[in-house]
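The values are calculated or read from the model by the stated rules, or taken from the named source; none is laboratory data. All figures in this text were calculated on a predicted structure; none of them were measured in a lab. As a convention, Cβ positions derive from the backbone with ideal geometry for all residues, glycine included, and neighbour counts pool all protein chains shown.
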Amino acid sequence: MLIPPPLSLYIHIPWCVKKCPYCDFNSHGQSGELPVREYIAALERDLEQDLPLAWGRTVHSVFFGGGTPSLFPPEAIGDILAACSARLRFAPGAEITMECNPGTAEFGRFEGYRAAGVNRVSFGIQSFDDGCLARLGRIHDSAEAERAVKLAQDAGLDNLNLDLMYALPGQDLAMALHDVERAIALQPAHLSHYQLTLEPNTAFAARPPEGLPDEDTAWDIQERCIEAMAAAGYAQYEVSAYARPGRQCAHNLNYWRFGDYLGIGAGAHGKLSLGATGEVRRRWKVKNPRDYLAHAGTPRGIGGDDAIAPENLPFDYMLNALRLVEGFDLADFESRTGLSREAIAGELATARERGWLEADGSRWRPTELGRRFTNDVIGLFLRD
């Protein structure tokens, strides 16, 4: 039986100062003054249209992603949260995260964001090496990155994530370890550490940068950086996420545990479990900000709305759950997909035979080998 899981809310702000050459998100370089008030009104219409999908449910986390949400002033973020909490029930102490580009951090703004309700900030640092930052097309340098983090801490925000990338153009192991050491010195609650990949339809995919480390070097960097983070008290709990005890990202954990989420904003994606019909649906909004502003809250503002076919649910579930070090429990698989555990018995047996997964009662988790070949493990569940 399909049982609706916890619900989160994702809010997309599509603008940034400048599009980075590696970025494949729905982000658009700022041109002129941002239509802040018009966009807030569009978000309200968008949410109103989605409300029937989540009547009576409680929101446990909110995430402002982008683009660069920190381009919006604190009062705008506060107005968005006020509009959302007037229409949805927020859990007491709900985690409310806002992504921030260090190059947009200004003195006094973090006090405003905290007053608006933001209690977690995720900084897109990527590297503390100015040469690497320049090659990545970032608008900040290492000094600005440290200054931004300290401004947030001085404002009383202690639940901070720092994003780091590795296997960068011209980067070696010593440089990657230095990035991790600089990040740890700032004492954030959480670190994200992920490999640079050349995604389709990005500038880097069209013109790959020179000096990218090979696969063996990238693996060595990852292993040594994991050791350094573990030694400093940051335990790995997902493929690219590391946290101090009790500081895992609640919003992202809900994604990886196949939870539900409403998605509002240009190009935002949502996933909802509908107990009445037994369906799991994915719904997304039109990507172009101009189209979104014109059509949000109407059928033309919906980019797509599809039920996941039952035969595809195992793959969708594992695409998320097998990223977690903790793995998943068979009872959770059943409640969140509406399928019997027998539906994946064959794939689980194959994964165990290959040494990719191990079982402890009804809980299945990736082995060290399985974590190295995550995509291959997940691929077992992809149906023809």
Q: Check the stretch 269-276 and report whether any residue there is part of a helix (DSSP H, G or I) and crowded, with 17+ Cβ neighbours inside 10 Å.
A: no
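From the list 373, 315, 328, which residue is farther than 23 Å from residue 215 by Cβ and out of contact with any strand residue (DSSP E or B) (no Cβ under 8 Å at 6 or more places or on another chain)?
Details: 373 fails: farther than 23 Å from residue 215 by Cβ; 328 fails: out of contact with any strand residue (DSSP E or B) (no Cβ under 8 Å at 6 or more places or on another chain).
Criteria check complete, one pass: 315.
Conditions tested, residue by residue: (1) touching a Lys or Arg at 6+ places or on another chain (Cβ under 9 Å); (2) in a helix (DSSP H, G or I); (3) surrounded by 16 or more Cβ atoms within 10 Å (Cβ to Cβ).
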| position | (1), (2), (3) |
| --- | --- |
| 188 | yes, no, yes |
| 200 | no, no, no |
| 218 | no, yes, yes |
| 221 | no, yes, yes |
Q: Given the conditions (1) of a type outside the set (A, V, I, L, M); (2) in contact with a Lys or Arg (Cβ under 8 Å, 6 or more places away or on another chain); (3) surrounded by fewer than 22 Cβ atoms within 10 Å (Cβ to Cβ), report the number of the one that residue 128 does not fulfil.
A: (3)
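Kindly establish whether residue 337 is surrounded by 13 or more Cβ atoms within 10 Å (Cβ to Cβ) and in contact with a Leu (Cβ under 6 Å, 6 or more places away or on another chain).
yes
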**Q.** Members of the stretch 343-355 that are of a type in the set (Asp, Glu) and within 11 Å of residue 314 (Cβ to Cβ)
**A.** 347
Q) All but one of (1) surrounded by fewer than 22 Cβ atoms within 10 Å (Cβ to Cβ); (2) hydrophobic (A, V, I, L, M, F, W, C); (3) part of a strand (DSSP E or B) hold for residue 164; which doesn't? A) (1)
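Among the residues of the stretch 235-256, what is the count of those that are part of a strand (DSSP E or B) and under 12 Å from the mean Cα position of the chain (by Cα)?
Number of matching residues: 2.
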Q.
List the residue pairs whose Cβ atoms are under 7 Å apart, where the first residue sits in the stretch 166-178 and is under 10 Å from residue 221 (Cβ atoms), the second is surrounded by 16 or more Cβ atoms within 10 Å (Cβ to Cβ) and aromatic (Phe, Trp, Tyr), and the two are 6 or more positions apart or on different chains.
A. 176/166
(Q) in the same structural domain as residue 219 (by TED's automatic domain parsing), under 30 Å from residue 214 (Cβ atoms) and not basic (Lys, Arg): is that true of residue 145 in this structure? (A) yes
Q. Right, residue 247: at pLDDT 95 or above and within 27 Å of residue 8 (Cβ to Cβ) or not?
A. yes
(Q) Considering only residues that are aliphatic (A, V, I, L, M) and either more than 25 Å from residue 152 (Cα to Cα) or out of contact with any helix residue (DSSP H, G or I) (no Cβ under 7 Å at 6 or more places or on another chain) (or both), which ones fall in the stretch 28-61? (A) 41, 42, 43, 47, 51, 53, 54, 59
Q) Can we say residue 128 is touching a residue at least 40 places away in the same chain (Cβ under 8 Å), in contact with a strand residue (DSSP E or B) (Cβ under 7 Å, 6 or more places away or on another chain), within 20 Å of residue 17 (Cα to Cα) and in the same structural domain as residue 78 (by TED's automatic domain parsing)? A) no
